[in-house]
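In what follows, a structure is listed as structure tokens, so that the remarks can point back to it.
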Amino acid sequence: MLLSAALAGLLLCLGVSSSATAQEALGVHGTLDDQQDQPVAGVSITVTDAAGTEIATVVTAEDGTWAVPLEAEGDYVVVLDESTLPEGLVVRNCKPRLEVEITSDRTALFPLDAQTDGCTPGESPTAGGESPSSDAGEEPGGEPSSESEDEAAEDAAADEVSEVEGEGGATRAISLLVSGLHFGLMIALAAVGLSMVFGTTGLTNFAHGDLVTFGGVMALLFNVTLGLPVWVAAIAAVVLGAAFGWAQDWGLWSPLRRRGTGLVSMMIISIGVALLIRNATLFFIGGERLRYSDYVGQRPWDFGWLVVTPKEVVTGAIALAVCILVGLALVYTRLGKATRAVADNPSLAASTGIDVNKVVRLVWTIGGALAAMSGVFLSISDGVKFDMGQHLLLLVFAAVVLGGLGTAFGAFVGAMLIGVFVQMSTLVVAPELKYVGALAVLIIIMLTRPQGILGRRERIG
Amino acid sequence: MDWQFIFSQALTQAIGPTMLVYALGAIGLNLQFGYTGLLNFGQAAFAAMGAYGLALSVVAWGLPFWWGIVIGLAAACVMALLLGIPTLRLRADYLAIVTIAAAEIVRRLARATVWSDTTGGSDGMRGFSEPFFELIPWDREATWTFLFVSMDGGRLAVDFGIFELQYSYRDTWIMVVGWALVLLITGVMALLIHSPWGRVLKGIREDEEAVRSLGKNVFAYKMQALVMGGIIGAVAGFLFALSRANVQPDTFTTDFTFYFYVVLILGGAARIFGPVLGAALFWFLYNILSQGLSQAIRAEVIPPSVLDATQVGPLVFLLLGLGMVLLLIFRPQGLIGNRKELMFDVR
């Protein structure tokens, strides 16, 4: 069902809002109205509990109202039987099935309309015979309508901490700092690749976020489908990520460079690649947030001044080690020096005998591997979702621009700053706005110091 | 499989209200990207400015409908200035990153719960479109027939014998206004592009330094193109909001912008009718694929084990993404574009 949403784009009222009158009575109720606010009678609505046992099926009254009293608190599923809707009416957001958490008497809303608002009907488990024309004018794309839950889930990672404590601003700040550093490292893994690809080829790769998703999904494949332990799956995913990066350069970007395709065209091609990978992911895994078989609800270590989960510490430490390794390799190895030379001036590097294409291939391979690693680590914390990389991508851009486009070290510094900034900003602003702050920083950097922290003036020309 | 139905649906959508929204957005983008070489990846935000400007003015502030239009256009202007001033002096990809970030900021602000009493949060707003539909010059009972075009109870039907296109009362009005706007704006664009001003824009796309050395204020020209394209984007936003009679933040994602690009490149960038043609073709292809696949599944031509109904959407977008990549590699000029005009590079 969430999948339908994904196509559609619209989050129309998840349909659930707490009823204002806090009654002692438990239950779920609502009123069915059509688009002209006329009540709709005779529609059957079924409530089942989380285990799938049917509690009750009711039919809406003449005034459109319905109500199901419940015995116990918990998660329930409210399903509107679309085949009982009057001719020509559909659930506008294609969500005839709502999952609600009942703690009091709640309202469940099903927005009805003559046509859907762009979601693809017929994809919920219960939807049966809706008219074929209802999906005719469908909107392409956009975000999954599950996004609010979804962003809530993203935020939950950070908020977990704040919920644990609640009191003690300093403690909370420390916890946020630590989770910010962790998040920063995850961004850094993705950012180094993006920045190096930009440095060596000049391409702003809009599909880099989807390499992150690719890593998460591959680990999911090995872990959940093949049943391997998470750490094996993680290694496999990173290897596949490297292979994917290599293959992308071999099969797509390198031929394009040979043809002399312009950077603008390549940038737009990368958007096409991003759409391709994202929708392929959606095609195979669906629109739901999926989790690995292990380390899901890990018990955090509580140091009093800091609450942190072991998985965060381990993935953070590995990410840091990898970043340091990449940094050392860039400074001390021959290939690393060659990479920096190409990033500095490809023509000059080529004239000194460096095989530019080989270096670029290597950069893509490493970039793919690091992005996949970032994807796996993020998924260990928050689960895999087909658009996770897309959301990360903008923060990666912010990090790369903050650090200075095209510089690996700048990307690292920028990523750490952005990660900490994003998490720490929740001390001041609402968690849902934390990305806004980071993106605003991006724009302010553009305004004041477009070359970034470690960039050099002449690059921006 | 009902091929007649599939084709009728696809044709209906190919000139329908949604196609007009994409055509308008892409026309704005054409001025920015096609003619001036500006990489605006935030066209969705300009559309959001229009849509939200209108909705907020009418619903939240209780202003008249036309004031909403003015405010929406002004908001798009302001946004273009805000984005343009810092980035238009920098390389093209900086504008790309800034606009994509700005679009995401706009979307996240619009869906924030902090001020959801005013903006409706992620549910968006409705109830601003009535004044627009009250303008419909024919009444709901209008019934007439003229050759193969007929109107029955306010609904427009165009019967080509094999295919029949049908539009609801409101959609017909949206289409009348939308096509009028598309023709008006393409007309104005054609005049502008063939004016000295337009030649300077193309010059900027080809070689900024050369134009600067001729004493032109490149920054001002770029800014004018960005503002005008943004305003056209806001018009697309109005039409989008009105055709759905609501605004919702999650419709204005970066994907929305990307589909504008697909439309533009499909039709042919830097061509007056490129966006219109591209939008029609895009919607035709999209609908024929998704309708065709859905019908095939329903008729069990494709067994459910191969493809189930929930996978149709992703598959269609996957194919469109693939199509976009292949198009850019093998035919970057689109249907009617000129390949030489799209060889420009980031500077």
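Since every read-out is calculated from the coordinates, none of them should be taken as a lab result. Since the model is a prediction, treat every value here as computed from it, not as a measurement. Virtual Cβ from ideal backbone geometry, glycine too; neighbours counted across all protein chains shown.
At a glance:
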{"item": "Simple label model, 7 Å out from Cα along Cβ direction - B:ALA299 to A:TRP231, nm", "result": "5.5 nm"}
{"item": "Vicinal HN-Hα couplings computed from phi for region B:285-302 (Karplus, 6.51 cos²θ - 1.76 cosθ + 1.60; Hz; Gly/Pro x)", "result": "4, 4, 6, 5, 5, 6, 5, x, 5, 4, 5, 5, 5, 5, 7, 6, 6, 9"}
{"item": "Hz values of 3J(HN,Hα) by residue in region A:342-349 - Karplus curve (6.51, -1.76, 1.60), Gly and Pro given as x", "result": "5, 4, 6, 7, x, 5, 5, 4"}
{"item": "Cross-link partners of A:LYS311 among lysines (Cα-Cα below 29 Å; sequence separation of 8 or more within a chain)", "result": "A:LYS385, A:LYS434"}
{"item": "Around B:TRP144: net Lys/Arg minus Asp/Glu count, Cβ-Cβ under 14 Å", "result": "-2"}
{"item": "Distance (nanometres) between label positions extended 7 Å along Cα→Cβ at B:LEU307 and A:SER44", "result": "3.3 nm"}
{"item": "Using a Förster distance of 56 Å, the FRET efficiency for B:PHE5-B:SER195 (Cβ separation, nearest 0.05)", "result": "0.75"}
{"item": "Per-residue [θ]222 nm for chain B (sum of -39500 (n - 2.57) over DSSP H runs n ≥ 4, rounded to 500)", "result": "-20500 deg cm²/dmol"}
{"item": "B:GLY268 long-range amide H proximity, modeled H, under 5 Å", "result": "B:LEU335, B:ILE336"}
{"item": "Peptide-level mean, for B:244-252, of C-beta atoms on other protein chains within 10 Å", "result": "6"}
{"item": "Gyration tensor (alpha-carbon) shape descriptor, region B:224-347, a/c threshold 1.5", "result": "oblate"}
{"item": "Peptide-level mean, for A:277-283, of C-beta atoms on other protein chains within 10 Å", "result": "6"}
{"item": "Summed residue charge, Cβ within 11 Å of A:LEU362's Cβ, Lys/Arg positive, Asp/Glu negative", "result": "0"}
{"item": "Hull volume in cubic angstrom per residue (convex hull over the Cα atoms of region A:150-460)", "result": "125 Å³"}
{"item": "Average other protein chain Cβ within 10 Å of Cβ, residues A:255-268", "result": "5"}
{"item": "Descending semi-axes in Å of region B:3-251, equivalent ellipsoid built from Cα gyration tensor", "result": "35, 24, 15"}
{"item": "Pairwise centroid distance, computed over Cα atoms, of region B:27-41 with region B:136-163, Å", "result": "37 Å"}
{"item": "Tensor-based shape of region B:199-256 (alpha-carbon gyration tensor, a/c under 1.5 rounded, otherwise prolate or oblate)", "result": "prolate"}
{"item": "Candidates B:ASP93, B:ASP250, B:ASP117, ranked by Gaussian network fluctuation over chain B, Cα under 10 Å, top entry", "result": "B:ASP117"}
{"item": "Rounded, prolate or oblate (a/c below 1.5 giving rounded, otherwise prolate when a/b exceeds b/c) for region A:239-287 by Cα gyration tensor", "result": "oblate"}
{"item": "Packing rank of B:145-151, B:163-169, B:289-295, where each peptide gets the mean count of other beta carbons within 10 Å, highest leading", "result": "B:289-295, B:163-169, B:145-151"}
{"item": "Amide H contacts of A:GLY27 (H built 1.01 Å from N, under 5 Å, at least 5 apart or other chain)", "result": "A:LEU70, A:SER104, A:ASP105, A:ARG106"}
{"item": "Spacing of the two label points (7 Å from each Cα toward its C-beta) at A:SER254 and B:ASN338, in nm", "result": "3.6 nm"}
{"item": "Overall dimensions of region A:315-461 as given by Cα atoms, namely Rg and Dmax in Å", "result": "16.7, 53"}
{"item": "Neighbour net charge for B:THR119 - beta-carbon separation under 15 angstrom, K R +1, D E -1", "result": "0"}
{"item": "Cβ crowding within 10 Å averaged over residues, with B:257-266, B:41-50, A:424-433 ranked highest first", "result": "B:41-50, B:257-266, A:424-433"}
